[in-house]
Every structure is written in C-alpha cells, then in structure tokens.
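The values are calculated or read from the model by the stated rules, or taken from the named source; none is laboratory data. Predicted model, so just to flag it, every value in this text is computed and none were measured. Cβ atoms come from the backbone with ideal geometry, glycine included; neighbour counts cover every protein chain shown. Remember, those area values only see protein heavy atoms, side chains included, never the ligands or the DNA or RNA. Shrake-Rupley method; radii C 1.70, N 1.55, O 1.52, S 1.80 Å.
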Amino acid sequence: MYMATVEESILAILLTPIGSRLCLPEYGSRLHELVDRRIDDEYRVDLTRFVYEAVSKWEHRVTLKQIRDLKQDGDRLSFCIEFTDGTSVTVRQ
C-alpha cells in the first residue's frame, strides 16, 4: 500500500483548490483565493487561516504550530509550516 509522506500530503492539500476534485469536492485549500493580492497583514492572517483549516482537516499526522518565513520572489511565494513535533514543510507556489 502506498502511503504519502506528510510533506507530499500537505503540498497536495494546499495546492489543490477546494471544489476541483469531483469525487471529493471539499478536499483542498483556499490558498488560490490569495492570488494577485498584496502581501500585507490581512494577507498573512488569511494565509495562516487557510493553511490551518486545510492541514487540520486533511492531515491528521501533524499539528500546526506556526507559519513563518513568508517570502515573495517575483510571482513566486514561499512559506514554512512548522509543526508541534519540531518538523517543518516549505511550500513554494
């Protein structure tokens, strides 16, 4: 049986827009709603909320501690998700 790593699972969850999977329409995240928005305090709050909602709903092997190192390089965005067990995942869009 194939078991996705936590990192693979989180990346798949976060990069899948909610409603895009026909058999499981509630799967995914709302991160796509942040496209073309200015990165300010409201953006950071929404990013944190969207990541927390998706990860806590779909990936039960980890518990989110914080999101840090939010960076934008041109049209690319990256951030790090840190978990309570000390591990982390870097997301690049």
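Assorted remarks:
- The chain: relative contact order as a whole-number percent, Cα under 8 Å and 6+ apart: 20
- Inter-site label distance for S20 and D69 at 7 Å from Cα along Cβ, in nm: 2.4
- The residues of the chain have, on average, 66 Å² of accessible surface per residue, using a 1.4 Å probe with all protein chains present.
- In Å², nearest 10: area of Y43 left accessible to a 1.4 Å probe: 10
- Correct option for volume of the Cα convex hull per residue in Å³ [calculated from the coordinates] among (1) 78; (2) 130; (3) 104: (3)
- Sulfur and carbon atoms: percent of accessible area, the chain [1.4 Å]: 51
- Restricting the range 16-93 to GluC sites (Glu not before Pro) in coil, as DSSP defines it, with at most 10 other Cβ within 10 Å: E26
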